[in-house]
1. Just to confirm the filter: which trypsin sites (Lys or Arg not before Pro) across region 5-74 are DSSP coil and have at most 14 other Cβ within 10 angstrom of their Cβ?
2. State, as an integer percentage, the relative contact order of region 2-108 based on alpha-carbon contacts under 8 Å between residues 6 or more apart.
3. Are there GluC sites (Glu not before Pro) in region 26-102 that DSSP marks as loop and that have at most 10 other Cβ atoms within 10 Å, and which are they?
4. Could you state the orientation-averaged shadow area of the convex hull built on the Cα atoms of region 2-108, in nm² to one decimal?
Amino acid sequence: MDVLNEAIGVLTTRGDRDAWVPAMLSVSDSLMTAHPIQAEADAEEEPLWQCPVRLVTFIGVGRDPHTFGLIADLGCQSFQCAAFWCQPHAGALSEAVQAACMVQYQKCLVASAARGKAWGAQARARLRLKRTSSVDSPGVPLPLPVLKGGVGGAAPRKRGIFSFLDAFRLKPSLLHMP
């Protein structure tokens, strides 16, 4: 946050504030765009600034609650910082960008899960799960027939899962601490 606050400070203190171009920042789930505010609604102008949400690596409200900044990773060790002066404050913009970043993250998770399912049975067939020890078992691994559900295969696994869950049940909850 110190790096971003310093960048926001540098960007907002240099130059004349009267020379700043008033803009409307629109945030969608994939793109942020700053369009100049103009008197004529019919006139189409190029955006002042655009950034895909997937490139945003850090966001924050500056020391002044009117300032909002973000850092975008452009690739090849190149980063861009953008700072905005917001009226009445930067809270709404910060929440909108944060929500867009969360949507992008969800899209990545869904795409990752879809790729995992595509590998399907071939990938699962190559994986071999090895149980080395648990709370209820001795220090030696279980014999192979027990892992495959052979003689007495379900009971040791069930007992192991319950032991695992009991370990969490016995721990004090951090949520209810004052």
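Readers should treat all values here as calculations from the given coordinates under stated rules, not as data from a laboratory. Just so you know, these numbers come straight off a predicted model, no measurement behind them. A quick note on method: Cβ atoms are made from the backbone with ideal geometry, for glycine too, and the neighbour counts reach across all protein chains shown.
1. Sites meeting the loop and neighbour criteria: ARG14, ARG63.
2. 25 percent
3. Taking region 26-102 and a limit of 10 other Cβ atoms within 10 Å, the loop GluC sites (Glu not before Pro) found are GLU40, GLU44, GLU45.
4. Directional mean of the projected Cα hull area for region 2-108 stands at 7.8 nm².
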